[in-house]
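**Student:** This structure is in C-alpha coordinates; I'll ask about it shortly.
The values are calculated or read from the model by the stated rules, or taken from the named source; none is laboratory data. Everything numeric in this text was worked out from a predicted model, so none of it was measured. When we count neighbours, we look across all protein chains shown, and the Cβ atoms used for this are built from the backbone with ideal geometry, even at glycine. Just so you know, the surface numbers come from the protein's heavy atoms only, side chains and all, with ligands and any DNA or RNA stripped out. Shrake-Rupley method; radii C 1.70, N 1.55, O 1.52, S 1.80 Å.
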Amino acid sequence: MKKHLYINGQWVEGHSYTELSSPYTGEKIADIASANEEQVEAAIEAAEKASKEMAELASHKRAAILERAAIKLEERKEEAAQLIALEAAKPIKTARAEVARTIATYKFSAEEAKRIHGETLPLDAQEGGEGRTAYTVREPLGVVAAITPFNFPMNLVAHKVGPAIASGNAVVLKPAGQTPLSSLFLADLFEEAGLPKGALNIVTGSGALVGEKLVTDDRVKKISFTGSPEVGIGIRNKAGLKKVTLELGSNAAVIIDKNVDIDKIISRAVSGAFAFQGQVCISLQRIYVMDEVYEEFVEKFVQETKKLTVGDALDDQTDVSALISPKDVKRALSWIEEAKENGAEVACGGEAEGNILYPTVLLHAGNELKVSCQEVFAPIVHINKVTSIDEAIDEVNNSKYGLQAGIYTENIHTAFAATKKIHVGGVMINDIPTFRVDHMPYGGVKESGVGREGVKYAIEEMTEQKLIVFNHNY
(Lines give C-alpha, C1' and ligand atoms only; values in the text may rest on other atoms or scores of the structure.)
Protein backbone atom coordinates (compact mmCIF):
# COMPACT_ATOMS: atom_id res chain seq x y z
CA MET A 1 0.00 0.00 0.00
CA LYS A 2 1.43 3.36 -1.06
CA LYS A 3 0.56 6.53 0.84
CA HIS A 4 1.11 9.75 -1.07
CA LEU A 5 1.53 13.42 -0.19
CA TYR A 6 -1.53 15.62 0.26
CA ILE A 7 -0.98 18.97 -1.46
CA ASN A 8 -3.58 21.55 -2.51
CA GLY A 9 -6.47 19.14 -1.98
CA GLN A 10 -4.94 16.36 -4.08
CA TRP A 11 -2.99 13.17 -3.45
CA VAL A 12 0.44 13.53 -5.06
CA GLU A 13 3.02 10.81 -5.66
CA GLY A 14 6.20 11.26 -3.67
CA HIS A 15 9.66 11.77 -5.04
CA SER A 16 10.54 8.45 -3.37
CA TYR A 17 9.03 6.05 -0.83
CA THR A 18 10.21 4.55 2.45
CA GLU A 19 8.91 1.44 4.17
CA LEU A 20 6.84 1.83 7.35
CA SER A 21 6.87 -1.16 9.70
CA SER A 22 4.95 -2.14 12.81
CA PRO A 23 6.99 -1.50 16.00
CA TYR A 24 5.49 -4.65 17.53
CA THR A 25 5.73 -7.22 14.73
CA GLY A 26 8.29 -5.58 12.47
CA GLU A 27 6.02 -6.35 9.50
CA LYS A 28 5.61 -3.85 6.69
CA ILE A 29 2.53 -1.63 6.95
CA ALA A 30 2.88 0.73 4.01
CA ASP A 31 5.22 2.63 1.71
CA ILE A 32 5.28 6.29 2.70
CA ALA A 33 6.02 9.10 0.26
CA SER A 34 9.06 11.31 0.76
CA ALA A 35 8.76 14.82 -0.66
CA ASN A 36 11.47 16.66 -2.55
CA GLU A 37 12.10 20.39 -2.28
CA GLU A 38 9.79 21.23 -5.18
CA GLN A 39 6.90 19.39 -3.52
CA VAL A 40 7.44 21.19 -0.22
CA GLU A 41 7.50 24.42 -2.20
CA ALA A 42 4.18 23.46 -3.81
CA ALA A 43 2.64 22.78 -0.39
CA ILE A 44 3.73 26.16 0.97
CA GLU A 45 2.49 27.90 -2.16
CA ALA A 46 -0.90 26.18 -1.87
CA ALA A 47 -1.15 27.13 1.80
CA GLU A 48 -0.24 30.75 1.11
CA LYS A 49 -2.93 30.99 -1.55
CA ALA A 50 -5.51 29.28 0.68
CA SER A 51 -4.62 31.48 3.65
CA LYS A 52 -6.26 34.44 1.95
CA GLU A 53 -9.52 32.51 1.56
CA MET A 54 -9.29 31.21 5.12
CA ALA A 55 -8.79 34.72 6.52
CA GLU A 56 -11.98 35.88 4.80
CA LEU A 57 -14.00 32.81 5.80
CA ALA A 58 -16.59 33.70 8.44
CA SER A 59 -15.88 32.31 11.88
CA HIS A 60 -19.15 30.35 11.94
CA LYS A 61 -18.08 28.62 8.70
CA ARG A 62 -14.67 27.72 10.13
CA ALA A 63 -16.44 26.41 13.23
CA ALA A 64 -18.82 24.33 11.10
CA ILE A 65 -15.92 22.74 9.19
CA LEU A 66 -14.22 21.74 12.44
CA GLU A 67 -17.48 20.41 13.89
CA ARG A 68 -18.11 18.31 10.77
CA ALA A 69 -14.55 16.95 10.91
CA ALA A 70 -15.13 15.94 14.54
CA ILE A 71 -18.40 14.20 13.60
CA LYS A 72 -16.72 12.32 10.76
CA LEU A 73 -13.91 11.22 13.06
CA GLU A 74 -16.52 10.03 15.57
CA GLU A 75 -18.08 7.91 12.82
CA ARG A 76 -14.72 6.32 12.08
CA LYS A 77 -13.26 6.30 15.57
CA GLU A 78 -12.52 2.57 15.76
CA GLU A 79 -10.75 2.65 12.40
CA ALA A 80 -8.69 5.59 13.65
CA ALA A 81 -7.78 3.83 16.90
CA GLN A 82 -6.72 0.67 15.05
CA LEU A 83 -4.48 2.81 12.85
CA ILE A 84 -2.77 4.41 15.85
CA ALA A 85 -2.28 1.02 17.52
CA LEU A 86 -0.84 -0.44 14.33
CA GLU A 87 1.70 2.23 13.47
CA ALA A 88 2.64 3.42 16.98
CA ALA A 89 2.14 0.20 18.99
CA LYS A 90 -0.05 2.23 21.32
CA PRO A 91 -2.28 -0.21 23.27
CA ILE A 92 -5.69 -0.17 21.61
CA LYS A 93 -7.57 0.99 24.71
CA THR A 94 -5.13 3.91 24.99
CA ALA A 95 -5.46 4.59 21.26
CA ARG A 96 -9.24 4.77 21.63
CA ALA A 97 -8.78 7.31 24.41
CA GLU A 98 -6.55 9.36 22.11
CA VAL A 99 -9.17 9.37 19.36
CA ALA A 100 -11.80 10.52 21.86
CA ARG A 101 -9.50 13.35 22.93
CA THR A 102 -8.85 14.25 19.29
CA ILE A 103 -12.59 14.58 18.69
CA ALA A 104 -12.81 16.82 21.76
CA THR A 105 -9.90 18.95 20.55
CA TYR A 106 -11.59 19.63 17.21
CA LYS A 107 -14.85 20.40 19.01
CA PHE A 108 -13.05 22.84 21.30
CA SER A 109 -11.49 24.38 18.19
CA ALA A 110 -14.93 24.78 16.62
CA GLU A 111 -16.20 26.52 19.75
CA GLU A 112 -13.18 28.81 20.07
CA ALA A 113 -13.46 29.84 16.40
CA LYS A 114 -16.53 31.85 17.49
CA ARG A 115 -14.78 33.46 20.47
CA ILE A 116 -11.75 35.17 18.93
CA HIS A 117 -12.06 38.76 20.05
CA GLY A 118 -10.11 41.79 21.20
CA GLU A 119 -10.84 44.56 23.69
CA THR A 120 -11.74 48.22 23.89
CA LEU A 121 -9.22 50.68 25.32
CA PRO A 122 -9.95 53.93 27.22
CA LEU A 123 -7.45 56.17 25.48
CA ASP A 124 -8.48 59.12 27.61
CA ALA A 125 -6.72 57.41 30.53
CA GLN A 126 -3.72 59.41 29.33
CA GLU A 127 -3.67 63.13 28.60
CA GLY A 128 -3.98 63.69 24.86
CA GLY A 129 -6.14 60.62 24.32
CA GLU A 130 -9.46 62.45 24.63
CA GLY A 131 -11.90 62.18 21.77
CA ARG A 132 -10.62 58.87 20.51
CA THR A 133 -12.05 55.35 20.51
CA ALA A 134 -9.73 52.34 20.31
CA TYR A 135 -10.17 48.62 20.08
CA THR A 136 -8.10 45.58 19.16
CA VAL A 137 -8.80 42.62 16.91
CA ARG A 138 -6.94 39.38 16.37
CA GLU A 139 -6.05 38.40 12.81
CA PRO A 140 -4.62 35.14 11.39
CA LEU A 141 -0.92 35.01 10.60
CA GLY A 142 -1.28 33.22 7.26
CA VAL A 143 0.67 29.97 6.87
CA VAL A 144 1.30 27.80 9.94
CA ALA A 145 3.86 25.00 9.82
CA ALA A 146 2.96 22.12 12.14
CA ILE A 147 5.73 19.62 12.95
CA THR A 148 4.42 16.79 15.10
CA PRO A 149 5.81 13.78 17.05
CA PHE A 150 4.94 10.10 16.97
CA ASN A 151 3.55 9.65 20.46
CA PHE A 152 0.12 11.26 19.96
CA PRO A 153 -0.15 11.06 16.18
CA MET A 154 -3.75 12.31 16.05
CA ASN A 155 -4.30 14.48 19.10
CA LEU A 156 -1.07 16.45 18.97
CA VAL A 157 -1.79 17.06 15.29
CA ALA A 158 -5.25 18.28 16.30
CA HIS A 159 -3.68 20.69 18.79
CA LYS A 160 -1.95 22.42 15.89
CA VAL A 161 -4.35 21.95 12.98
CA GLY A 162 -7.55 22.68 14.95
CA PRO A 163 -6.52 26.10 16.35
CA ALA A 164 -4.89 27.06 13.04
CA ILE A 165 -8.10 26.46 11.10
CA ALA A 166 -10.23 28.02 13.85
CA SER A 167 -8.23 31.24 13.61
CA GLY A 168 -8.31 31.41 9.81
CA ASN A 169 -4.84 30.16 8.95
CA ALA A 170 -3.70 27.57 6.41
CA VAL A 171 -1.45 24.69 7.45
CA VAL A 172 1.47 22.70 6.13
CA LEU A 173 1.74 19.62 8.34
CA LYS A 174 4.85 17.46 8.62
CA PRO A 175 3.95 14.43 10.73
CA ALA A 176 6.47 12.18 12.44
CA GLY A 177 8.10 9.66 10.14
CA GLN A 178 7.17 6.82 12.50
CA THR A 179 3.43 7.59 12.47
CA PRO A 180 2.36 9.35 9.25
CA LEU A 181 -0.79 7.29 8.63
CA SER A 182 -2.78 8.96 11.40
CA SER A 183 -2.17 12.38 9.85
CA LEU A 184 -2.91 11.25 6.31
CA PHE A 185 -6.16 9.74 7.61
CA LEU A 186 -7.28 13.23 8.66
CA ALA A 187 -6.92 14.65 5.15
CA ASP A 188 -10.01 12.83 3.93
CA LEU A 189 -12.00 13.92 6.97
CA PHE A 190 -11.28 17.60 6.42
CA GLU A 191 -11.89 17.34 2.69
CA GLU A 192 -15.29 15.77 3.37
CA ALA A 193 -15.92 18.45 6.01
CA GLY A 194 -15.57 21.17 3.37
CA LEU A 195 -12.18 22.67 4.21
CA PRO A 196 -11.03 24.90 1.31
CA LYS A 197 -8.50 23.36 -1.03
CA GLY A 198 -4.95 24.07 0.08
CA ALA A 199 -5.87 24.99 3.65
CA LEU A 200 -4.38 21.70 4.87
CA ASN A 201 -1.32 20.18 3.20
CA ILE A 202 0.41 17.06 4.56
CA VAL A 203 4.03 16.54 3.53
CA THR A 204 5.92 13.47 4.69
CA GLY A 205 9.63 12.94 4.34
CA SER A 206 13.01 13.95 5.71
CA GLY A 207 13.13 16.40 8.57
CA ALA A 208 16.37 17.77 7.19
CA LEU A 209 14.58 18.63 3.94
CA VAL A 210 10.91 19.21 4.78
CA GLY A 211 11.47 20.67 8.22
CA GLU A 212 14.32 22.90 7.09
CA LYS A 213 12.26 24.34 4.25
CA LEU A 214 9.28 25.04 6.51
CA VAL A 215 11.44 26.71 9.14
CA THR A 216 13.35 28.98 6.75
CA ASP A 217 10.71 29.91 4.15
CA ASP A 218 9.54 33.51 4.61
CA ARG A 219 5.96 32.65 3.62
CA VAL A 220 5.61 30.52 6.75
CA LYS A 221 4.65 32.91 9.55
CA LYS A 222 4.32 30.51 12.46
CA ILE A 223 6.00 27.26 13.49
CA SER A 224 4.38 24.93 16.00
CA PHE A 225 6.78 22.11 16.91
CA THR A 226 6.62 19.23 19.36
CA GLY A 227 9.77 17.17 19.74
CA SER A 228 13.26 17.11 21.23
CA PRO A 229 14.96 20.14 22.79
CA GLU A 230 17.91 19.82 20.43
CA VAL A 231 15.72 20.07 17.33
CA GLY A 232 13.49 22.72 18.92
CA ILE A 233 16.40 24.98 19.83
CA GLY A 234 17.73 24.58 16.28
CA ILE A 235 14.33 25.61 14.89
CA ARG A 236 14.22 28.71 17.07
CA ASN A 237 17.71 29.71 16.01
CA LYS A 238 16.77 29.47 12.33
CA ALA A 239 13.23 30.84 12.48
CA GLY A 240 14.14 34.51 12.42
CA LEU A 241 11.12 36.70 13.20
CA LYS A 242 8.56 33.91 12.81
CA LYS A 243 6.34 33.19 15.80
CA VAL A 244 7.39 29.87 17.34
CA THR A 245 5.73 27.51 19.81
CA LEU A 246 7.99 24.73 21.07
CA GLU A 247 6.81 21.78 23.16
CA LEU A 248 10.05 20.03 24.09
CA GLY A 249 11.46 17.71 26.73
CA SER A 250 10.38 16.69 30.21
CA ASN A 251 11.19 14.38 33.11
CA ALA A 252 8.01 14.91 35.09
CA ALA A 253 8.01 14.31 38.84
CA VAL A 254 5.51 13.82 41.64
CA ILE A 255 5.91 14.27 45.40
CA ILE A 256 4.19 11.94 47.89
CA ASP A 257 3.58 13.51 51.31
CA LYS A 258 3.54 11.47 54.52
CA ASN A 259 -0.20 11.96 55.16
CA VAL A 260 -1.39 10.49 51.84
CA ASP A 261 -3.61 7.40 51.57
CA ILE A 262 -1.25 5.28 49.48
CA ASP A 263 -3.91 2.80 48.38
CA LYS A 264 -5.93 5.58 46.74
CA ILE A 265 -3.10 6.77 44.49
CA ILE A 266 -1.07 3.71 43.51
CA SER A 267 -2.97 2.68 40.38
CA ARG A 268 -3.06 6.29 39.21
CA ALA A 269 0.70 6.66 39.70
CA VAL A 270 1.43 3.39 37.88
CA SER A 271 -0.75 4.51 35.00
CA GLY A 272 1.10 7.82 34.84
CA ALA A 273 4.45 6.06 34.67
CA PHE A 274 3.67 3.34 32.12
CA ALA A 275 0.84 4.53 29.85
CA PHE A 276 1.92 4.09 26.23
CA GLN A 277 5.22 2.62 27.42
CA GLY A 278 6.20 5.91 29.03
CA GLN A 279 6.33 7.61 25.63
CA VAL A 280 4.32 10.59 26.86
CA CYS A 281 5.75 14.10 27.25
CA ILE A 282 4.43 14.30 30.81
CA SER A 283 4.98 10.65 31.69
CA LEU A 284 5.73 10.19 35.39
CA GLN A 285 9.48 9.59 35.48
CA ARG A 286 10.56 10.66 38.99
CA ILE A 287 8.78 9.98 42.30
CA TYR A 288 9.91 11.54 45.58
CA VAL A 289 8.34 9.92 48.64
CA MET A 290 8.51 11.05 52.26
CA ASP A 291 10.50 8.57 54.32
CA GLU A 292 7.55 7.78 56.64
CA VAL A 293 5.61 6.13 53.77
CA TYR A 294 8.46 5.22 51.42
CA GLU A 295 8.55 1.46 52.07
CA GLU A 296 4.77 1.11 51.81
CA PHE A 297 4.66 3.13 48.60
CA VAL A 298 7.44 1.16 46.92
CA GLU A 299 5.95 -2.21 47.87
CA LYS A 300 2.49 -1.33 46.57
CA PHE A 301 3.79 0.44 43.46
CA VAL A 302 5.87 -2.60 42.44
CA GLN A 303 2.95 -4.96 43.13
CA GLU A 304 0.66 -2.87 40.91
CA THR A 305 3.30 -2.61 38.18
CA LYS A 306 3.62 -6.38 38.01
CA LYS A 307 -0.11 -6.63 37.25
CA LEU A 308 0.30 -4.82 33.93
CA THR A 309 -0.33 -6.91 30.82
CA VAL A 310 2.45 -6.77 28.24
CA GLY A 311 1.83 -7.74 24.62
CA ASP A 312 0.28 -6.91 21.26
CA ALA A 313 -1.03 -3.34 21.02
CA LEU A 314 -4.11 -4.58 19.15
CA ASP A 315 -5.13 -6.82 22.08
CA ASP A 316 -7.77 -5.22 24.31
CA GLN A 317 -6.03 -6.58 27.42
CA THR A 318 -2.62 -5.04 26.71
CA ASP A 319 -1.33 -2.25 28.95
CA VAL A 320 2.25 -2.05 27.64
CA SER A 321 3.50 -2.90 24.15
CA ALA A 322 6.54 -2.22 22.00
CA LEU A 323 8.64 0.92 22.04
CA ILE A 324 8.62 2.88 18.81
CA SER A 325 11.98 1.54 17.58
CA PRO A 326 14.75 -0.95 18.43
CA LYS A 327 17.22 1.89 19.04
CA ASP A 328 14.95 3.25 21.77
CA VAL A 329 14.96 -0.14 23.48
CA LYS A 330 18.76 -0.25 23.27
CA ARG A 331 19.07 3.29 24.64
CA ALA A 332 16.68 2.62 27.53
CA LEU A 333 18.52 -0.59 28.50
CA SER A 334 21.83 1.27 28.50
CA TRP A 335 20.38 3.89 30.85
CA ILE A 336 19.13 1.16 33.19
CA GLU A 337 22.57 -0.43 33.14
CA GLU A 338 24.20 2.92 33.95
CA ALA A 339 21.83 3.32 36.89
CA LYS A 340 22.62 -0.17 38.20
CA GLU A 341 26.37 0.44 37.91
CA ASN A 342 25.96 3.58 40.00
CA GLY A 343 24.06 2.07 42.89
CA ALA A 344 20.42 2.10 41.74
CA GLU A 345 18.31 -0.96 42.54
CA VAL A 346 15.99 -2.58 39.98
CA ALA A 347 12.79 -3.34 41.89
CA CYS A 348 11.14 -4.88 38.82
CA GLY A 349 11.58 -5.03 35.06
CA GLY A 350 14.87 -3.97 33.52
CA GLU A 351 14.66 -6.50 30.70
CA ALA A 352 13.50 -6.44 27.10
CA GLU A 353 11.97 -8.93 24.69
CA GLY A 354 12.10 -7.78 21.10
CA ASN A 355 10.93 -4.17 21.04
CA ILE A 356 9.13 -4.55 24.37
CA LEU A 357 10.86 -3.17 27.45
CA TYR A 358 9.19 -4.53 30.56
CA PRO A 359 7.89 -1.87 32.97
CA THR A 360 10.89 -0.95 35.10
CA VAL A 361 11.00 0.49 38.61
CA LEU A 362 14.33 1.80 39.90
CA LEU A 363 15.13 2.80 43.47
CA HIS A 364 17.73 5.27 44.74
CA ALA A 365 18.78 6.63 41.35
CA GLY A 366 21.10 9.63 41.64
CA ASN A 367 20.38 12.99 40.01
CA GLU A 368 23.36 12.72 37.70
CA LEU A 369 22.07 9.55 36.00
CA LYS A 370 20.38 9.69 32.61
CA VAL A 371 17.21 8.10 34.04
CA SER A 372 16.96 11.14 36.31
CA CYS A 373 18.26 14.12 34.39
CA GLN A 374 17.30 13.21 30.81
CA GLU A 375 13.90 12.41 29.30
CA VAL A 376 13.64 8.63 29.40
CA PHE A 377 10.61 8.23 27.06
CA ALA A 378 10.34 4.56 27.98
CA PRO A 379 8.54 2.51 30.67
CA ILE A 380 11.04 3.46 33.39
CA VAL A 381 10.33 5.26 36.65
CA HIS A 382 12.53 5.81 39.68
CA ILE A 383 11.43 6.25 43.28
CA ASN A 384 13.60 8.09 45.80
CA LYS A 385 13.21 8.74 49.52
CA VAL A 386 13.13 12.30 50.90
CA THR A 387 12.98 13.62 54.45
CA SER A 388 11.04 16.84 53.85
CA ILE A 389 8.77 18.52 51.32
CA ASP A 390 11.38 21.23 50.76
CA GLU A 391 13.94 18.57 49.88
CA ALA A 392 11.46 16.99 47.47
CA ILE A 393 10.73 20.35 45.80
CA ASP A 394 14.46 20.96 45.40
CA GLU A 395 14.78 17.57 43.73
CA VAL A 396 11.89 18.29 41.38
CA ASN A 397 13.44 21.63 40.43
CA ASN A 398 16.87 20.08 39.97
CA SER A 399 16.22 19.55 36.25
CA LYS A 400 16.82 21.36 33.00
CA TYR A 401 13.16 20.66 32.18
CA GLY A 402 9.99 22.15 33.62
CA LEU A 403 6.82 20.98 31.93
CA GLN A 404 4.50 19.63 34.66
CA ALA A 405 4.83 18.22 38.17
CA GLY A 406 2.49 16.91 40.83
CA ILE A 407 2.15 16.61 44.58
CA TYR A 408 -0.11 14.42 46.71
CA THR A 409 -0.77 15.92 50.13
CA GLU A 410 -3.58 16.36 52.66
CA ASN A 411 -2.07 19.64 53.87
CA ILE A 412 -3.44 22.69 52.04
CA HIS A 413 -0.51 24.86 53.16
CA THR A 414 1.93 22.34 51.72
CA ALA A 415 -0.04 22.29 48.48
CA PHE A 416 0.00 26.06 48.06
CA ALA A 417 3.67 26.27 48.97
CA ALA A 418 4.43 23.69 46.29
CA THR A 419 2.54 25.66 43.64
CA LYS A 420 4.73 28.68 44.35
CA LYS A 421 8.08 26.91 44.66
CA ILE A 422 7.95 24.26 41.91
CA HIS A 423 9.34 25.76 38.70
CA VAL A 424 7.25 24.17 35.93
CA GLY A 425 4.51 25.18 33.51
CA GLY A 426 1.78 23.32 35.41
CA VAL A 427 1.46 21.95 38.97
CA MET A 428 -1.11 19.22 39.64
CA ILE A 429 -2.37 19.07 43.24
CA ASN A 430 -3.35 15.56 44.33
CA ASP A 431 -2.78 14.18 40.86
CA ILE A 432 0.02 12.94 38.67
CA PRO A 433 1.85 15.32 36.29
CA THR A 434 0.57 13.18 33.40
CA PHE A 435 -2.87 14.78 33.72
CA ARG A 436 -3.96 16.92 30.78
CA VAL A 437 -7.28 17.94 29.29
CA ASP A 438 -7.29 19.55 25.90
CA HIS A 439 -8.57 23.04 26.63
CA MET A 440 -6.22 23.91 29.46
CA PRO A 441 -3.02 25.92 28.85
CA TYR A 442 -0.18 23.48 28.34
CA GLY A 443 3.52 24.22 28.05
CA GLY A 444 6.70 24.46 30.04
CA VAL A 445 9.67 26.50 31.16
CA LYS A 446 13.42 26.00 30.82
CA GLU A 447 14.20 23.38 28.15
CA SER A 448 10.59 22.19 28.11
CA GLY A 449 9.84 24.91 25.59
CA VAL A 450 8.18 28.24 24.91
CA GLY A 451 4.57 29.18 24.21
CA ARG A 452 1.37 27.41 25.18
CA GLU A 453 -0.97 24.91 23.60
CA GLY A 454 -4.55 24.18 24.59
CA VAL A 455 -6.97 25.40 21.94
CA LYS A 456 -7.70 28.94 23.18
CA TYR A 457 -4.04 29.57 23.99
CA ALA A 458 -2.78 28.11 20.71
CA ILE A 459 -5.15 30.45 18.84
CA GLU A 460 -3.54 33.39 20.62
CA GLU A 461 -0.15 32.11 19.44
CA MET A 462 -1.44 31.73 15.86
CA THR A 463 -2.92 35.23 15.56
CA GLU A 464 -1.58 38.76 15.84
CA GLN A 465 -3.16 41.74 17.52
CA LYS A 466 -4.12 44.79 15.52
CA LEU A 467 -4.99 48.13 17.12
CA ILE A 468 -7.65 50.41 15.59
CA VAL A 469 -8.01 54.02 16.77
CA PHE A 470 -10.81 56.41 15.72
CA ASN A 471 -10.09 60.10 16.19
CA HIS A 472 -13.42 61.86 16.76
CA ASN A 473 -11.68 65.23 16.85
CA TYR A 474 -10.99 65.16 13.12
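**Student:** Go over the candidates Glu338, Glu295 one by one and state the one that is within 18 Å of Val381 (Cβ to Cβ), free of Cβ contacts under 8 Å to residues at least 24 places away in the same chain, open to solvent by 30 Å² or more (accessible area, probe 1.4 Å) and in a helix (DSSP H, G or I).
**Tutor:** Working: Glu338 fails: free of Cβ contacts under 8 Å to residues at least 24 places away in the same chain.
Exactly one residue qualifies, and that residue is Glu295.
**Student:** Now, a different point. Looking at Lys400, Lys446 in this structure, which one is in contact (Cβ under 8 Å) with a residue 24 or more places away in the chain and farther than 30 Å from Val293 by Cα? Let's see the steps before the verdict.
**Tutor:** Details: Lys400 fails: farther than 30 Å from Val293 by Cα.
Unique residue meeting the criteria: Lys446.
**Student:** So in the range 320-335, with the set limited to residues that are in contact with a strand residue (DSSP E or B) (Cβ under 9 Å, 6 or more places away or on another chain) and buried (at least 24 other Cβ atoms within 10 Å of the Cβ), which one is nearest to Val371 (Cα to Cα)?
**Tutor:** Across the range 320-335, the extreme among qualifying residues is Ala332.
**Student:** Considering every residue within the range 115-133, establish whether at least one is within 18 Å of the chain's Cα centre (by Cα) and buried (at least 16 other Cβ atoms within 10 Å of the Cβ). Steps first, answer last, please.
**Tutor:** Taking the range 115-133 first, the residues within 18 Å of the chain's Cα centre (by Cα) are none.
Scanning the range 115-133 turns up no residue that is within 18 Å of the chain's Cα centre (by Cα) and buried (at least 16 other Cβ atoms within 10 Å of the Cβ).
Residue-by-condition table, conditions (1) at negative phi; (2) in contact (Cβ under 8 Å) with a residue 24 or more places away in the chain; (3) touching a helix residue (DSSP H, G or I) at 6+ places or on another chain (Cβ under 6 Å):
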site	(1), (2), (3)
Lys258	yes, yes, no
Ile266	yes, yes, yes
Ala273	yes, yes, no
Phe276	no, yes, yes
Val280	yes, yes, no
Ser283	yes, yes, no
Ile287	yes, yes, no
Met290	yes, yes, no
Glu299	yes, no, no
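**Student:** Condition (residue is β-branched (Val, Ile, Thr) and either in a helix (DSSP H, G or I) or open to solvent by 10 Å² or more (accessible area, probe 1.4 Å) (or both)) applied to the range 243-250: is it met by at least one residue?
**Tutor:** Checked the range 243-250: at least one residue is β-branched (Val, Ile, Thr) and either in a helix (DSSP H, G or I) or open to solvent by 10 Å² or more (accessible area, probe 1.4 Å) (or both).
**Student:** Among the listed residues Ile380, Ile429, identify the single one that is in contact with a helix residue (DSSP H, G or I) (Cβ under 9 Å, 6 or more places away or on another chain), under 28 Å from Val260 (Cα atoms) and surrounded by 16 or more Cβ atoms within 10 Å (Cβ to Cβ).
**Tutor:** Ile380
**Student:** I'm trying to understand the selection: among the residues of the range 1-60, which are farther than 20 Å from Lys213 by Cα and of a type in the set (A, V, I, L, M, F, W, C)?
**Tutor:** Correct list: Met1, Trp11, Leu20, Ile29, Ala30, Met54, Ala55, Leu57, Ala58.
**Student:** Looking at (1) closer than 22 Å to Glu87 by Cα; (2) open to solvent by 20 Å² or more (accessible area, probe 1.4 Å); (3) not small (Gly, Ala, Ser), which is the one condition that is false for Leu186?
**Tutor:** Every listed condition holds for Leu186 apart from (2).
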